[in-house]
Amino acid sequence: MARTALGIGVRELAEMAKVSPDTVSRLERGEALRERTVEDIKATLEEGGVIFLADGETTDGGPGVRLRR
């Protein structure tokens, strides 16, 4: 959802996060990855303007991910 909100593809995110496209696909399928890899992808998305909400945290519109205004 975060990647789509930024309008970027799997390959573009992979290049930005310095991981393989397969790694991004595995993350999106919910497969287990190294914690550092997940942090790198998350940081890349946050640099693009995504805000991740913690469990139980909400903002206008409810839980999930948001783009910075």
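The values are calculated or read from the model by the stated rules, or taken from the named source; none is laboratory data. Everything numeric here is computed off the predicted structure, so don't read it as measured data. When we count neighbours, we look across all protein chains shown, and the Cβ atoms used for this are built from the backbone with ideal geometry, even at glycine. Please note that ligands, DNA and RNA were not included when accessible areas were found on the heavy atoms of the full protein model with its side chains. Shrake-Rupley method; radii C 1.70, N 1.55, O 1.52, S 1.80 Å.
Things worth noting here:
- Of the listed requirements (1) on the phi > 0 side of the Ramachandran plot; (2) modelled with pLDDT of 95 or more, Arg26 misses just one: (1).
- Top-ranked residue in segment 35-55 [being open to solvent by 80 Å² or more (accessible area, probe 1.4 Å) and over 13 Å from Lys18 (Cβ atoms); ranked as modelled with the highest pLDDT]: Glu35
- If you go through segment 23-50 and keep only what is β-branched (Val, Ile, Thr) and under 14 Å from Arg3 (Cβ atoms), you end up with Thr23, Val24, Val38, Ile41, Thr44, Val50.
- Among the residues making up segment 1-19, those that are over 18 Å from Ile51 (Cβ atoms) and open to solvent by 50 Å² or more (accessible area, probe 1.4 Å) are Arg11, Glu12, Glu15, Lys18.
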